[in-house]
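Below is one structure, written out as structure tokens; the observations come after it.
Please treat every number below as a calculation from the coordinates, not as lab data. Owing to the predicted nature of the structure, the values given are computational and were not obtained by experimental measurement. Using ideal geometry, Cβ is built from the backbone for each residue, glycine included, and neighbour counts are taken over all protein chains shown.
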Amino acid sequence: MTEPAPRRASLFITCIIDQLYPDVGVSVVRALRRRGVMVDFPAGQTCCGQPLYNAGFTAEAKRLAVRVLDAFDDCERMVVPSGSCGAMIRVFYQDLFADEPELLRRAAALSERVYEFTELLTEVDGAADAAAPSDDAAQSDAGADVAAVAYHPSCHLLREMGVRRGPLDLLEAASGVSVVDLPDAEQCCGFGGAFAVKYPHISEQMLADKVEAILQSGAATVTACDMGCLMHIGGAISRRGLPVRARHIAQVLDDPAG
Amino acid sequence: MSLGIPSADFLASVRDALGREAGPPAAAYQHLLESAGELELQAAEIRRRNAGDLPLLLDKMAGTAALRGWNVQRAGGGEDALDYVVSLARRLGVESAARAESAVFSAVPVDAALAGAGVVCWPAVYDADRERDAVRRRLAESGLGITGADYAIAETGSVIVLPRRGLSRLVSLLPPVHVAIVRAQDVIDTLDDLFVLRRLEYHSDGGDMGSYLNFISGPSRTADIEQTIVVGVHGPREVHLVLLDKE
Amino acid sequence: MAEVTTRDFAAASRAAVQDPQLRRAFGSAGAGFDGARRDAIDEVTPEVWEQWRQQARSIKEHAVGNLDYYLELLERNVAAAGGQVHFAADANQANAIVSEIVRTRGVKVATKSKSMVSEELGLNHVLEGQGVAVFETDLGEYIIQLAEETPSHLVAPALHKTRGEVARLFADKLGVPYSDDIEEMARVARVALRQKFLDADMGISGANFLVAETGTLVIVTNEGNGRLCTSAPRIHVGITGMEKVIPSMQDLAVFLRLLPRSATGQRITSYVSMVTGPKRAADEDGPEEFHLVIVDNGRSRLLRDPALRESLYCIRCGACLNICPVYQRVGGHAYGWVYPGPIGSIVTPELVGVAQAKDLPNASTLCGACREACPVQINIPRMLLHLRHELAESPDSQRRTASDTDALLARGFAAVMSKPLLLKVARRLGRLAVKSVTRDGKIGRSRLPFLSRWTAARDLPAPPARSFSDIWRDELSRGDR
């Protein structure tokens, strides 16, 4: 007996996508709606507070976190196209509000309903597969352009949210996508938010190694579930004029050829 | 005479940091609670289990020990073991072999066998005639150190020695080659087995653990230069485990 | 106490990442040790490994949570075995204790097996000042002692040195012919140190574990120098942090499974030596005196803070170093004190003072690989966050040392993000500000403050005309109707 497929999700768009990569948000909405999920976008949302929390400024982080709780307290499901922001809301809000019982209660309640984007897709597809074989999976790649995609598992998604297989399964099941192995995939790309500008000499070394691994993989596209990492990786690819594109997994799933 | 700050003060500051009152933990600790009688039962169970699976246990011991770098020789009996030790001494061309005392040497009389091969096998004990430094010099000059084993652990391929009268700490350490002759009945399966048995011995012996216990699990080794493994740094470069299959 | 250069992290790490030899050494060491560790876990299966981790963590939680009780039990049992326990509140006291033993026993030569705590104390210098010849005997420690350097790794102290450098060092300091053959160099060290072991009056060791139940000191080694240091001299002094105590001898089993596998991927090390008091009257050999020096030196600060207490569960296996992307690139010395890497970034600030080590908690991407690798499940990222919080907002002004710029930026960011309207305005201003440096929607190299640190190596997308919120309002909001 499987759970019924999620029918409704409230989108938290993340500040990076909102401000710099709005197209990613469009792909997220399209991918969900195509699967029959009703998407709403609670008003007044901005940032989850993670940049502040990671820098140690918890008082300021709380101001933003409370706004997220206010906007999403009543939602059925919250969907976040970022492992990093997702981890902040699911895991770290409860540390942030450890000494404030009422806010802690709200944070704990919300944490049960937070889905990173691919987690939600996996659940929707899982329910759909249980009902009937998916059309997507039955489609043949023959004749279509197949994009060689390397998947970079972002650290918070992997280690705080515990999402390891899901995104790869989604990519492998998608038509028009061929997943290639990324060497040392689980090594951090060196973004780390403020780390990238506080310790650029270390960050740049980590980045160079990640880009090298992507080149070795032979991928034409590198994808991830976090625009922070992809801004970082894509920024280096762009600077070096390399023939690789950095795209959010929602974009790849929405339109592999792009 | 204790140096430093008085222990009561030190412990009080630890307590203060923990914010706890003096006294035992709120929840008693299982592995400190067992009586000697209970440990006796556990030990009997360990002995029974290990004796029941002896052939398998010896295979496991031999396999793990080989992985750890022991040269493993299975010996059907004392004769086989003697042949192995003598041929090893010949191959190495040693003139002198130091030997610890152990019950195993009544079944495997290495002294006579080695003497027959022209190797001086001497007991490495510091009797009244021998000055400490002289014994050590002689140990360091011996090409071979031979010991028994108090236990051997199949899980880790370890030979356990408990230095005491007749068993110097240095016999298995100063000579460049060490031979351990292990009786089947001394092989146990796991680290847990060893520590249960040792705890029983400790509590039955009026709380004396003995001064030293050594796990020996292969040759001395290092990887401190460019992560390259080299054997025989400060201890033996070559170790041999003669495993007696029969009691 | 050992010299502290944690303030120089930025400069030292910058120099380190530009040194290809260091990068090779630490990168490949990380990969080598970590690969061996992963293989060892696969061999026992990840499920069993998780059970062991959980078991070890529970033991440490209990032992550290009742530390005073177990230290007292330990002290009693060491005494019952004929040894002596000395407690030291800080480095000076610990050094004074060993000095006193040296002075009253007329010690002239001491051999040492590996002890990070003695590095922390700067013990060698103190003893040398008293005219004692001190010899490090672990090969890696011996090398760095000859080179007058400090360890760069918890388990492999000379990791930063190439074989050629060691060969040159041996030729210069020991007068042997130059040879960069590693076996030959190990032989040279064996010969040089063999006589020292036999001459030494005192052997100094650290401790991997202390068993309260029996008063036993346990060391886990591979070379045999630890056995020699604890067996040959007439005095053995064990020096260790107070957190090393575990309740029962049976607790050792799980730690002996976890430590070698986590450190080097070994199922067990060549030697595990368990010392309970001095030699007994009937024993053939062993030290006549056994002293155990138990050191606080700032550890009670870690103990006192519930958020940092678990750092005292550390068994110093080095797994978090080997897997850390930052450590792999900057090496051990950049961290500026004895304990490098992720665990060092927690322990060092509290032991040397948060104010002078504020880079350490920040120099991490919080990637969490260390937590995953830790055999006792220490949540290092969470403690790094806690220390960052202390630096930013501690009520204690000694600890609150984040820069004014950081605080101002944080407040500004929070203010803007708290008001969607303000965010819209900021967005417009931002687009204007970067307009001159935007080409094809991208910001290339820029000299603007802050931005330049990003754009030195990476492009940045310029904010497009519409934000996602705009697109939602204009187009997407009607989609589900």
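The largest-to-smallest principal axis extents of the Cα set in region C:1-147 are 50, 41, 29 Å.
Straight-distance candidates among the aspartates and glutamates for linking to C:Lys442, with alpha-carbon spacing under 20 Å and chain neighbours fewer than 8 residues away dropped: A:Asp18, A:Asp23, A:Glu204, A:Asp226, C:Asp459. Could you state the angle between the C-alpha long axis of helix C:20-44 and the longest principal axis of the C-alpha atoms of chain C, as a value from 0 to 90 degrees rounded to the nearest 10? Tilt of helix C:20-44: around 80 degrees. Here the average projected area of the convex hull drawn through the C-alpha atoms of chain A stands at 14.0 nm².
Taking a point 7 Å out from the Cα of C:Gln21 in the direction of its Cβ, the residues of region C:154-185 whose backbone N falls within less than 17 Å of it are C:157-173, C:178-182.
Its residues counted as N, the protein assembly as shown yields a C-alpha radius of gyration over 2.2 N^0.38 Å of 1.04.
Using θ = phi - 60° in the Karplus curve 6.51 cos²θ - 1.76 cosθ + 1.60, the 3J(HN,Hα) couplings for region C:414-420 round to 5, 5, 5, 6, 7, 10, x Hz; x is entered for Gly and Pro.
Sparse packing (at most 10 other Cβ atoms within 10 Å of the Cβ) combined with a DSSP loop state is found for the following GluC sites (Glu not before Pro) in region B:15-86: B:Glu21. The sum of -39500 (n - 2.57) across all DSSP H runs of n ≥ 4, divided by the residue count of chain C, sets its helix-only mean residue ellipticity at 222 nm to -15500 deg cm²/dmol. According to the square roots a ≥ b ≥ c of the eigenvalues of the Cα gyration tensor, what is the shape class of region B:173-227, taking rounded for a/c under 1.5, prolate for a/b larger than b/c otherwise, and oblate for the remainder? Since a/c reaches 1.5 and a/b is larger than b/c, the shape of region B:173-227 is classed as prolate.
Using the Cβ-Cβ distance between C:Ser58 and A:Arg164 with R0 = 41 Å, the FRET efficiency computed as 1/(1 + (r/R0)^6) comes to roughly 0.95. Counting only DSSP beta bridges whose two residues both lie in the protein assembly as shown, roughly 30 percent are antiparallel. Give the shape of region C:217-285 as rounded, prolate or oblate, defined through the alpha-carbon gyration tensor: a ≥ b ≥ c are the square roots of its eigenvalues, a/c under 1.5 means rounded, and otherwise the shape is prolate if a/b is larger than b/c and oblate if not. It is prolate, given that a/c is not under 1.5 and a/b is the larger ratio. Between C:Arg445 and C:Leu174, the contour length at 0.36 nm per residue exceeds the Cα-Cα span by 92.3 nm. In chain C the longest region clear of chymotrypsin sites (Phe, Trp or Tyr not before Pro) that are loop-assigned by DSSP and have at most 13 other C-beta atoms within 10 Å covers C:179-449.
Among the trypsin sites (Lys or Arg not before Pro) in region A:212-252, none is located in a DSSP loop while being surrounded by at most 12 other Cβ atoms within 10 Å of its own Cβ.
A dipole drawn for region C:322-481 from +1 and -1 charges on Cβ atoms has a positive end, and of C:Ala355, C:Trp472, C:Trp454 the residue lying farthest that way is C:Trp472.
Given R0 = 30 Å, the distance between the Cβ atoms of B:Asp83 and B:Arg49 translates into a calculated FRET efficiency of 0.40. Annotation: the antiparallel percentage among DSSP beta bridges lying fully within region C:45-297 is about 25. Helical runs assigned H by DSSP (4 residues or longer) give chain B a calculated mean residue ellipticity at 222 nm of -12000 deg cm²/dmol, each run adding -39500 (n - 2.57) before division by the residue total. Within the same chain, lysines fewer than 8 places from A:Lys62 are excluded, and of the rest, those with a Cα less than 26 Å from its Cα are A:Lys198, C:Lys358, C:Lys419, C:Lys424.
The phi torsions of region A:23-29, fed into the Karplus equation with coefficients 6.51, -1.76 and 1.60 and a -60° offset, translate into couplings of 4, 4, x, 4, 4, 4, 5 Hz, rounded to whole numbers, with Gly and Pro shown as x.
3J(HN,Hα) couplings calculated from phi for region C:184-201 with the Karplus curve 6.51 cos²θ - 1.76 cosθ + 1.60 (θ = phi - 60°) are, in sequence order, 5, 5, 5, 5, 4, 5, 4, 5, 5, 9, 3, 5, 4, 4, 6, 7, 5, 8 Hz; Gly and Pro show x. Projected label points at C:Ala80 and A:Ala108, each 7 Å from Cα along the beta carbon direction, are separated by 4.4 nanometres. Applying 1/(1 + (r/R0)^6) with r as the Cβ-Cβ distance of C:Glu148 and C:Ala465 and R0 = 60 angstrom yields a FRET efficiency of 0.45. Taken over the alpha carbons of region C:423-478 as equal point scatterers, the Debye sum produces base-10 log I(q)/I(0) values at 0.18, 0.21, 0.24 Å⁻¹ of -0.65, -0.80, -0.93.
Rounded, prolate or oblate for region C:45-297? Axes are the square roots of the Cα gyration tensor eigenvalues, ordered a ≥ b ≥ c, and the cut-off for rounded is a/c under 1.5. Since a/c reaches 1.5 but b/c is at least a/b, the shape of region C:45-297 is classed as oblate.
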